[in-house]
Amino acid sequence: MDSIWIIVVGGLVALNCSLVGNLLILRKSVMIGDALSHAVLPGMVMGYFYFGDTNLIGVLGGAALAGLVLVLSIEWLKKSPLLKEDSAIGLIYTVLFSIGVILVSVFASQVHLDQEHVLYGEIAYVPLDRWFMNGTDMGPRSFWLGLGLLAILILVLRFSFKGFNLTSFDPDFAASKGVRIKVWNYFLMILVTAVVVVSFENVGAVLVVAFLVAPGASALLISHRMKSIYTLSSAFALIIAIGGFFLADFTSTSISGSMAFFSGILFIFVWLIRKRVRA
Amino acid sequence: MNSALDIENLSVSYGKKIALENISLSIPAGQITGIIGPNGSGKSTLIKSAMNLIPANSGNVRMLGSELDKVRKRVSYVPQRESVDWDYPVSVFDVILMGRYRPGRLFLPLSAEDRKIAEESLERVQLTEYRNTQIGQLSGGQQQRVFIGRALAQRAELYLMDEPFAGVDAATEKAILDLMFDMKSQGQSIVLIHHDLVSVRDNFDHLVILKNKLIASGPTSEVFTTKNLIASYGGSMRIMQELDV
């Protein structure tokens with residue numbers, strides 16, 4: 001039973017990541033996703049510290065605040081002719097992440113995060129952290145969190161499909177129509193922040209990037225339509241969770257690590273069969 | 001005469017580099033206007049800052065007699081073809097449909113009327129057979145027609161086009177020109193950035209010549225002169241003799 005919970009939660013993490021990851025890939029903003037996944041740490045630790053481990057709103061709020069600091073300071077630094085965007089990203093997110101790492105060690109006794117947890121996550125503990133409602137055991141907390149987020153994402157992306165497509169494909173044209181492209185960008189950053197925070201405990205700050213990129217990048221290899229990219233990347237996300245789990249089980253190694261590694265294998269596999277699929 | 005575009009004292013700079021210096025001009029409605037000038041003379045900057053896509057240091061722009069925000073629905077902007085990623089996973093029809101998107105209604109589905117207009121625009125740019133093709137599979141000329149089809153779907157009155165003839169073959173150029181004459185006959189105004197001096201006189205009613213400053217703006221017959229072209233392009237323009245202006 002525990003194994004099934006781990007696969008299901010891994011699948012939810014990968015699904016949620018791939019849904020927002022597709023948009024990051026198409027907007028060429030994957031590095032912002034990477035930066036966000038690290039930069040939210042100080043906000044999360046402060047959230048844990050002030051509002052407690054179980055108060056998700058506090059943690060999300062802190063993370064969103066840290067994410068906002070990241071995005072705004074990148075935009076501010078980018079204006080300088082001396083600094084390009086990638087340098088600005090690299091500079092700021094590492095500073096924010098390091099503040100987070102220091103905070104984790106300062107609050108180590110009060111907060112249920114430790115440094116290893118932050119980097120790699122620990123999906124193997126998923127079945128232990130359960131959610132009780134009126135004393136009834138409802139199952140792992142991560143499962144309900146991931147499922148709730150998935151429902152929200154599907155709903156949000158369903159209604160914002162046109163907006164994201166327009167502002168990603170041709171931002172100048174969108175702006176010429178009076179569409180607020182910055183607002184859409186912040187909107188996506190909020191979604192990515194929510195996904196990163198919820199996925200953090202399970203797969204950590206480093207591996208979450210694999211889940212953001214690999215399903216969508218693999219889907220883009222063999223599909224030319226937005227809707228089928230969503231479908232394909234979702235299928236790939238599930239394959240990564242299942243394949244990664246059994247890889248870890250077989251080799252007795254880290255589960256989240258194996259899932260991220262398996263995402264690379266999947267990409268190579270799709271790359272190799274791509275010509276046949278297209279033909 | 002009504003004007004399509006009025007610009008007063010427009011100045012734009014990128015850092016310390018001045019792209020446009022104190023431009024004032026008026027472009028008549030219902031005509032085809034060409035904007036010419038060498039590379040880096042501020043042609044794209046003029047259109048983009050008029051559309052408020054890049055900030056101006058100073059200046060005032062009016063389109064169709066009003067501020068841009070009041071007439072956005074009546075103005076269509078066609079970006080340079082190279083400005084987007086043609087590998088983006090959308091079909092020809094998807095892109096043309098974007099002409100029907102409206103800022104306040106992005107979360108709502110498009111109407112049957114919107115789809116009908118997009119289908120008609122697809123037909124007008126002769127891409128019906130490529131309706132479901134991914135845009136990266138098209139030739140340069142076809143891609144340019146996708147952009148023009150998207151603009152047609154906006155049903156605007158003023159069209160600002162950034163190099164609609166760049167990288168297109170002769171047949172497509174002819175097709176696009178015919179379309180523009182057709183649009184003009186329906187009372188629409190077209191302003192486009194152009195590179196090929198040879199075809200200027202036959203096709204443009206009005207001409208704007210730029211070299212970061214305004215060299216000339218007026219009826220083509222009056223301003224398309226050797227003096228103005230040398231002022232813009234410099235003495236190196238051998239083509240001047242061939243053009244016999």
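Laboratory data are not the source of any read-out in this text; all were calculated from the coordinates shown. In this text, all values refer to a predicted model and were calculated from it rather than measured experimentally. All Cβ positions, even for glycine, are placed from backbone atoms using ideal geometry, and neighbour counts span all protein chains on display.
Computed across region B:104-236, the Kirkwood radius stands at 16.8 Å (inverse of mean 1/r, all Cα pairs).
Taking a ≥ b ≥ c as the square roots of the eigenvalues of the alpha-carbon gyration tensor, region A:81-214 is classed oblate because a/c is 1.5 or more while a/b is no larger than b/c.
The Cα center of region A:90-144 and the Cα center of region A:194-240 differ in position by 21 Å.
Amide H contacts for A:GLY121 (H built 1.01 Å from N in the peptide plane; partners 5 or more residues away or on another chain; cut-off under 5 Å): A:GLY204, A:ALA205.
Stokes-Einstein diffusion for chain A at 25 °C, viscosity 0.890 mPa s, with a Kirkwood radius from C-alpha pairs, works out to 127 µm²/s. Under Stokes-Einstein, with the Kirkwood radius over Cα pairs as Rh, the value for chain B at 20 °C and 1.002 mPa s is 115 µm²/s.
With the Cα gyration tensor of region A:187-242 in hand, convert its eigenvalues to equivalent ellipsoid semi-axes via √(5λ) and list them largest first in whole Å. Walk me through the numbers before you get to the answer.
Numbers: eigenvalues 90, 39, 15 Å².
For region A:187-242, the ellipsoid semi-axes come out as 21, 14, 9 Å.
Legend: calculated FRET efficiency, B:SER66 to B:ALA166, from the Cβ-Cβ distance at R0 = 25 Å, rounded to 0.05, equals 0.25.
Taking Cα pairs under 8 Å and at least six residues apart, what relative contact order does region A:83-188 come out at, in percent? Reported relative contact order: 10 percent.
Below 13 angstrom from the Cβ of A:TYR120, what's the summed charge of the other residues (Lys, Arg +1; Asp, Glu -1)?
Numbers: positive: none; negative: A:ASP114, A:GLU116, A:GLU122, A:GLU201.
Here the count lands on -4.
Can you pull a Stokes-Einstein diffusion coefficient for the protein assembly as shown at 4 °C (1.567 mPa s), Rh from Kirkwood over Cα pairs, as a whole number of µm²/s? The estimated diffusion coefficient comes to 50 µm²/s.
In the protein assembly as shown, a dipole from Cβ-located charges (positive for Lys and Arg, negative for Asp and Glu) runs towards its positive end, and of A:VAL20, B:GLN144, B:TRP86 it is B:GLN144 whose Cα lies farthest in that direction. Dipole size of region B:1-154 about its Cα centre, with +1 on Lys/Arg Cβ and -1 on Asp/Glu Cβ: approximately 220 debye, rounded to the nearest 20. Under a model in which nothing but the beta-carbon of Lys, Arg (+1) and Asp, Glu (-1) is charged, region A:30-136 shows a dipole of about 300 debye around its Cα centre. I need the Kirkwood Rh of region B:58-170: take the reciprocal of the average 1/r across all distinct C-alpha pairs and report it in angstrom. Across region B:58-170, the inverse of the average 1/r is 14.8 Å.
With the biggest extent put first, the Cα atoms of region A:198-279 measure 39, 27, 16 Å across the principal axes. Electrostatic tally near A:ALA260: other residues with Cβ closer than 15 Å to its Cβ, Lys and Arg +1, Asp and Glu -1, net -2.
Quote the relative contact order of chain A in percent (integer), defining contacts as alpha-carbon pairs under 8 Å separated by 6+ residues.
30
Just how large is the dipole of the protein assembly as shown about the Cα centre, in debye to the nearest 20, putting +1 at every Lys and Arg Cβ and -1 at every Asp and Glu Cβ? If you can, show how the numbers build up before the last one.
Details: 45 positive and 43 negative charges, 156 e Å.
With only Lys, Arg, Asp and Glu charged at Cβ, the dipole is about 760 debye.
For the pair B:ARG115 and B:SER26, what calculated FRET efficiency results from E = 1/(1 + (r/R0)^6), where r is the Cβ-Cβ distance and R0 = 45 Å, to the nearest 0.05?
0.75
Charge tally for A:ASN185 (other residues, Cβ to Cβ under 10 Å; Lys, Arg +1; Asp, Glu -1): +2.
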